[in-house]
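A.B. asks: Before anything else, here's the structure in question.
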Amino acid sequence: MTVPDQTPETPGGDETIEPVAPEAPRLQLRDPLPPVVDTRAALDDTCARIMAGTGPIALDAERASGYRYSQRAYLIQVRREGSGTHLIDPTAFDSLVPLDTAFDGNEWILHAATQDLMCLAEVGLYPEHLFDTELAGRLLNLPRVGLAALVEHYLGLSLAKEFSAADWSTRPLPDPWLVYAALDVEVLVELRDLIDADLQKAGKREWAAEEFESLLLFQGPPERKEPWRRTSGLHKARGRRALGIVREIWQTRDEIAEDRDTTPGRILPDASILELATAPPNDLNALKSLRIMRNRGPRRFMSEWFDAIERGLALDEALLPTTNQRSDGPPPPRAWADKNPIAAERLGRCRDVVQAVADQHDLPTENLVSPQLVRNLAWEPPADVSSETVAATLRLQGAREWQIGLLADQLAEALTA
């Protein structure tokens, strides 16, 4: 019997209760969970199977970022049509060059490639061609581009992410974790093909190809000049002396963390660094009595913390850090109106151009062009502004040709308005 659709009303009678969307079915492994590859014989067999497969190669890597200082891979997942899924323990091998050879220059499919390319390179894996599903999703201006969101959007399946923050350096790895890891590459090939079709329809496939090509040169995020300024709550450190103590403790903690391959926050939390810097103890006994030293982690390195505090207190005034981070680039945009009002006006016009072009082509502004690049251009335009000189400036700072083609003419006009 067919029941008429009836939407229940609220007691007031004029508002309706939205029906709850049914949860998408869970993505499941098509094949039994494979054993972890951790011997040379097993690796040779895996390489042979991958070489016998066809089409692009889906890859993912699991790190232990919240537990280890290094960003090394502790598990690498590989899947290829006709080959199945392989779970490889990179810590069991000096390198995975045989696996790189087995890939034979075929396209890699990665999700958020910049998160994994460096740790894959550490073990000898280098792509010659790649497809980044997350970056492709951004170019399509999808509202959510996480792997689980894309799987649900394109395949109507839910993908659990409950072990994303697990300690993947654990050995042996529990089976539920391995299932989770295998699922991350289970449908990457299908996902790639569906996203690629949408890129073609939107006329963005060539743009994506340029973006993917640029990822082959990715060498990691630029190194920060003063990484200690990442300390959470740094604004609480009043004055240059306190900043000097923060810097000494942070650098000491970083050396200990690197030596022990432990994430720095597990050695000494940022909040504790700020507490020591804002009210430095007079002697070692005073340090021992502090509440933050009751925990075993910080207490193990008590003398190192005290030495760092003393170094900070003894620093010559000229050697203390400045209250603002030094930068070779332009100042923060909020200061432009006072420092350089003409540049502030140029920046406003350039931002309007970027927003208009992004809207026209259904792109996020940050994927159309780097905001930092726009700031650099507005702060210090070419001496002779023209479409050609703006294009050359954009190219020099890493913009791709498709971005330059969309923006150079209009940005030149904005700079000379």
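A.B. asks: From the residues 127, 155, 268, which one has its Cα farthest along the dipole of the chain in the positive direction, the dipole being from +1 and -1 charges on Cβ of Lys/Arg and Asp/Glu about the Cα centre?
C.D. replies: Looking along the dipole axis, the top candidate is 268.
A.B. asks: Amide H neighbours of residue 96 under 5 Å, counting only residues 5+ apart in sequence or on other chains, H built in-plane at 1.01 Å?
C.D. replies: For residue 96, whose amide H was placed from the backbone, the distant partners under 5 Å are 124.
A.B. asks: Rounded to the nearest 500 deg cm²/dmol, what is the calculated helix-only ellipticity per residue at 222 nm for the chain, with -39500 (n - 2.57) per DSSP H run of length n ≥ 4?
C.D. replies: Mean residue ellipticity, 222 nm, calculated: -14000 deg cm²/dmol.
A.B. asks: Taking 7 Å along the Cα-to-C-beta vector as the label spot, tell me the residue 158-residue 387 distance in nanometres, rounded to one decimal.
C.D. replies: 5.2
A.B. asks: Would you mind checking which residues have amide H under 5 Å from residue 75's amide H? H placed 1.01 Å from N; only 5 or more apart, or other chain.
C.D. replies: 62
A.B. asks: Just going by the charge dipole of the chain, with Lys and Arg at +1 and Asp and Glu at -1 on Cβ, which of 387, 297, 348 is farthest out on the positive end?
C.D. replies: So the residue we want is 297.
A.B. asks: While we're here: What does the charge count around residue 52 come to, taking other residues whose C-beta lies under 14 Å from its C-beta (Lys +1, Arg +1, Asp -1, Glu -1)?
C.D. replies: That works out to -1.
A.B. asks: So for 161, 225, fewest C-beta neighbours within 10 Å to most, what's the order?
C.D. replies: Lowest count first: 225, 161.
A.B. asks: Sticking with this structure for a sec: Quick one: what are the phi-derived ³J(HN,Hα) couplings along the stretch 400-411, Karplus 6.51/-1.76/1.60 with θ = phi - 60°, whole Hz, x for glycine and proline?
C.D. replies: My calculation for the stretch 400-411 gives 7, 4, 5, 5, 4, x, 7, 10, 4, 4, 6, 5 Hz in order.
A.B. asks: Let me check I've understood the local charge: for residue 270, count other residues with C-beta under 14 angstrom from its C-beta, Lys and Arg +1, Asp and Glu -1. What total comes out?
C.D. replies: +4
A.B. asks: Same structure, new question: Tabulate in residue order the Karplus-calculated ³J(HN,Hα) for the stretch 32-49, using 6.51 cos²θ - 1.76 cosθ + 1.60 with θ = phi - 60°, rounded to whole Hz; enter x for Gly and Pro.
C.D. replies: x, 4, x, x, 6, 7, 9, 10, 5, 4, 5, 5, 4, 5, 4, 4, 4, 5
A.B. asks: Quick one: grab the alpha carbon gyration tensor of the stretch 333-416, order the square roots of its eigenvalues as a ≥ b ≥ c, and give me rounded if a/c is under 1.5, else prolate or oblate depending on whether a/b is larger than b/c.
C.D. replies: Cα axes put the stretch 333-416 in the oblate bin.
A.B. asks: Between the stretch 37-59 and the stretch 213-253, how far is it from one alpha carbon centroid to the other, in angstrom?
C.D. replies: Between the Cα centres of the stretch 37-59 and the stretch 213-253 lies a distance of 40 Å.
A.B. asks: In which sequence would 67, 126, 180 go, from the one with the fewest C-beta neighbours within 10 Å to the one with the most?
C.D. replies: If I rank by nearby Cβ atoms, fewest first, I get 126, 67, 180.
A.B. asks: Quick check on the stretch 107-210: take the gyration tensor over C-alpha atoms, sort the square-rooted eigenvalues as a ≥ b ≥ c, and tell me if it's rounded (a/c under 1.5), prolate or oblate.
C.D. replies: oblate
A.B. asks: What ranking do 101, 133 get, fewest neighbouring Cβ atoms within 10 angstrom at the top?
C.D. replies: Fewest-to-most Cβ neighbours within 10 Å comes out as 101, 133.
A.B. asks: Counting only other residues whose beta carbon sits under 11 Å from that of residue 65, what net charge do I get with K and R as +1, D and E as -1?
C.D. replies: +1
A.B. asks: Using a 10 Å cut-off on Cβ atoms, rank the peptides 346-354, 386-394, 141-149 from the highest mean neighbour count down.
C.D. replies: Descending mean neighbour count gives 346-354, 386-394, 141-149.
A.B. asks: Across the stretch 231-247, in residue order, what do the Karplus-derived ³J(HN,Hα) couplings come to in whole Hz, using 6.51 cos²θ - 1.76 cosθ + 1.60 with θ = phi - 60° and x for Gly and Pro?
C.D. replies: 3, 4, x, 4, 4, 6, 7, 8, x, 5, 5, 4, 5, x, 5, 4, 4
Rule-based calculations on the coordinates, nothing more; no lab input. None of these values were measured; they are calculated from a predicted model. Reconstructed Cβ throughout: ideal geometry from the backbone, glycine too, with neighbour counts over all protein chains shown.
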